[in-house]
Structures are given as structure tokens and as C-alpha cells.
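The values are calculated or read from the model by the stated rules, or taken from the named source; none is laboratory data. Because the structure is predicted, anything quoted here is derived from the model rather than measured. Cβ sites come from the backbone with ideal geometry, for glycine too, and all protein chains shown count toward neighbours. SASA here: full protein model, heavy atoms, side chains in, ligands and nucleic acids out. Shrake-Rupley method; radii C 1.70, N 1.55, O 1.52, S 1.80 Å.
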Amino acid sequence: MSWRVVEITGVAKLDLKMGFLVVRKERTTKIHISELHTLIIDSTMVSMTTALLNELLRQKVKIIFCDEAHNPSGEVLPSHGSHDSSMKIKLQIGWSEEIKRDVWTEIVTEKIRKQRDLLRLQQHTEAADLLECYLTQLQPGDATNREGHAAKVYFDALFGMDFTRGAECVTNAALNYGYSILLSVFNREISANGYLTQLGLFHDNRFNPFNLACDLMEPFRPLVDRIVVESGFEAFGQEEKLALVHVLNQHVRIASSNQRLTNAVKRYSKSVFDALNHQDISELRFYSHELSVYESDRLF
């Protein structure tokens, strides 16, 4: 089972040798590709061979490229994530509006629960109680937009009444970076399972190629929020970005077992697809409390 999140910085040449990713810098490092879950190329001075790129895609390794400002600029997904992708896409197109609504309602409910839990952890009791009230008011499909109301209360409590998500500031830069890492991981799982990232449950922006990933990732956003609020970033550079990459190596509990976040995303995503295909929301599996944080692998 793949688990390593590897970040490449500076000048490097990457190639393939006997199933290993070979990183050639001042010293040479080898990592077996079967261990890789995500490869982050955080430098515009890295070259890689097409043989390596094809093998990474074959083994469904998530590849994220960053620009000169070290922000994620793109990702690589395999054209065929699953041997039965044609069947999966037909199933996806056939998901009824009713089951999509019901699954989305459960996802929104879980997102607000996670926000409430983080508020309580940060001692924002009054705001947490208000989110608890919103949970009792949720209607199918969140017709009254409790998610939006909860978000306003949540961000005001965490980052102050003057904070807005659209502002250009360190906090938003950190949140956006962390969310983009999560989005990439969900795109990987959707593609690996043979579904289309473009066709969402609730998100339906024709200019967004990742509507389904935007849907699925919602309950995981508070994991990024917690890192940002507890770190109290005063600037947002390389070290701060690396701290947010660590979100992928956190341990959480899902389906009665402790798992790294990357594996929890895999289990959760499959449960969503099972619920949609079997029209049974009882198949949904969400993660529970965070246990610990482990660092990603960084190669210098």
C-alpha cells in the first residue's frame, strides 16, 4: 500500500531504474515507486524522464507540479484509472438526483460536525453551539444553506471578525494551498476508481474540471484549518507550505481502524461510490478524531 508523500525541491533530475524513483542531486536517492502515494515537484528546475512519468501514472502515483512561487499549478492524472472505467462512468451518469442529494446532505452534515469539533477544541464554545443548532436545521440537499451560515460563524471565530475568504492575506494563502493539496488527493482517488472528476454531486461549475473532488473533500477541510490556526503563520513561504503538506500524513480513525489520511481518503471515497451505486447512505464511512501528525519526506 502506497503511503509516502515526497517533495522535490531545488535542482534535480528524476529517472526510473528497476522500479525505483531515482533522484539525482548532489547525492543520489532511490525510493521504490510502490511506496509512493504523492510526488510534489516544488521547483521549476527539475527534469524527469518520460519512462519515469509513465511508470508513476501506471502505479497511480499522484503528481503535483508547483510554479515559481511554489504554488500548485497542475497535476497529472492517468487517462484510464481503472480497468472498468467505461462501466463506472455509465454508473456515474446514472446516479439519481435523489441519491446525490442524500449523499451530499450527509457530506455537508459531516463537514459542519468537523467544524463544530474544531471550534470546541479551540475553545470557541458559543460558535460551536451555534453550529450544533445548524445541524438540527439541515434539510435534504441543504436547501436552506446551513453550510454557508456555518462557514461564516466558523471562520469569524477561528480567524477574527475582519477575516474574509476572498481577501489577499497569509491566512487565505495557507488555506488555499492546503485545500489544493487535499483536492489533488481526491482527484487521484476518483480517477483511480474509474470515475470522472468533472461530474459532481452538488458542485456543477462548467469551468471546474474537479467538481466531484470539491464535493468529496468537504469534511476534510477542517484538518487544513487546524494546521493554519494553530501555526499562526505570519508569512507564507517554503517552510509553511511544507507544514501543510504534512496534512496527508496525519493519522485518523475510519472504519474501526487507524489510518494515514491518504488511506482514509481511499476508504471514504470508496464508501461514497458504494453509497451512490447501491443507493444506500448507510454505506458512507467518515473519519473520526485526529490521532497524530507525521512529517512528509522532503528531499534536498
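Across the chain, the longest piece that holds none of the GluC sites (Glu not before Pro) lying in DSSP loops with up to 16 other C-beta atoms within 10 Å covers 69-167. Close amide H pairs (under 5 Å, H built 1.01 Å from N) link residue 199 with 212, residues at least 5 positions away or on another chain.
If I stretch the segment between residue 279 and residue 122 completely, what's the gain in nm (0.36 nm per residue apart, minus their alpha carbon distance), one decimal?
The residue 279-residue 122 span can extend by a further 52.8 nm.
Note on segment 93-242: dipole from Cβ charges, positive end direction compared against 136, 198, 179; the farthest Cα belongs to 198. Across the options 257, 222, 238, the greatest Cα extent toward the positive end of the charge dipole of segment 190-300 (unit charges at beta carbon of Lys, Arg, Asp, Glu) belongs to 257. Near residue 283, within a Cβ-to-Cβ distance under 11 Å, what is the net charge of the other residues, with Lys and Arg +1 and Asp and Glu -1? Around residue 283, the charge tally is -1.
With charges only on Cβ, +1 for K and R and -1 for D and E, what is the dipole size of the chain about its Cα centre, in debye, rounded to 20?
Result for the chain is approximately 1080 debye, rounded to the nearest 20.
In order along segment 18-26, phi translates into HN-Hα couplings of 6, x, 10, 6, 10, 9, 9, 10, 4 Hz, rounded to whole numbers, per the Karplus curve 6.51 cos²θ - 1.76 cosθ + 1.60 with θ = phi - 60° and x for Gly and Pro. Computed with every protein chain present, the accessible area of residue 120 is close to 110 Å² [probe 1.4 Å]. Taking a ≥ b ≥ c as the square roots of the eigenvalues of the alpha-carbon gyration tensor, segment 157-242 is classed prolate because a/c is 1.5 or more and a/b outweighs b/c. For segment 1-131, the square roots of the Cα gyration tensor eigenvalues, ordered a ≥ b ≥ c, give a/c of at least 1.5 with a/b no greater than b/c, which places it in the oblate category. Ranked from largest to smallest solvent-accessible area, with a 1.4 Å probe on the protein heavy atoms, 3, 104 come out as 3, 104.
Listed values for segment 198-204 are Karplus-derived 3J(HN,Hα) couplings in whole Hz (6.51 cos²θ - 1.76 cosθ + 1.60, θ = phi - 60°), namely 6, 8, x, 8, 10, 5, 8, and x replaces Gly and Pro. Determine, from the Cβ-Cβ distance of residue 133 and residue 93 and an R0 of 51 Å, the FRET efficiency 1/(1 + (r/R0)^6), rounded to the nearest 0.05. Once rounded, the FRET efficiency stands at 0.85. Translational diffusion of the chain was estimated from the Stokes-Einstein equation, with Rh taken as the Kirkwood radius over Cα pairs; at 10 °C and 1.306 mPa s the coefficient is 79 µm²/s. Protein heavy-atom surface of the chain, 1.4 angstrom probe: 51% of the accessible area is carbon and sulfur, with nucleic acids and ligands not counted.
Which whole-number percent gives the relative contact order of segment 30-164, counting Cα pairs below 8 Å spaced six or more residues apart?
Value for segment 30-164: 16 percent.
For the chain, the membrane-span-like helices by this rule, meaning whole DSSP H stretches whose C-alpha atoms cover at least 27 Å of axis and whose Kyte-Doolittle mean is -0.5 or above, are 170-192; this says nothing about an actual membrane. Against the criterion of solvent-accessible heavy-atom surface with a 1.4 angstrom probe, 236, 207, 186 sort, most first, into 207, 236, 186. Within the shell defined by Cβ-Cβ distances under 14 Å, the residues around residue 147 carry a net charge of +4, with Lys and Arg each +1 and Asp and Glu each -1. Short-range pairs are left out: with C-alpha atoms under 8 Å and at least six residues apart, the relative contact order of segment 202-267 is 18 percent. With all protein chains kept in place, the per residue accessible area of segment 96-174 amounts to 51 square angstrom at a probe of 1.4 angstrom. Classification of segment 17-68 by its C-alpha gyration tensor yields an oblate form. The axis ratio a/c (a ≥ b ≥ c) is 1.5 or more, and b/c is at least a/b. For a straight C-alpha distance cut-off of 16 angstrom, the lysines reachable from residue 30 (same-chain residues fewer than eight places away being disregarded) are 13, 17. Working from Cα pairs under 8 Å separated by at least six residues, relative contact order for the chain is 19 percent. Taking all protein chains together and a 1.4 Å probe, the residues 124, 278 rank 278, 124 from largest to smallest accessible area. Amide H contacts under 5 Å for residue 73: 65, 66, 67, restricted to partners 5 or more places along the chain or on a different chain, H placed in the peptide plane at 1.01 Å from N.
Springs join every pair of Cα atoms under 10 Å in this Gaussian network model of the chain, and among 217, 87, 18 the largest mean-square fluctuation is at 18.
Distance cut-off 18 Å, Cα to Cα: go down the list 152/241; 62/266; 241/270; 100/270; 60/241; 114/152 and report the pairs above it. Mind dumping the intermediate values first?
Working: 152/241 25 Å; 62/266 13 Å; 241/270 29 Å; 100/270 15 Å; 60/241 24 Å; 114/152 15 Å.
Too far apart for the 18 Å limit: 152/241; 241/270; 60/241.
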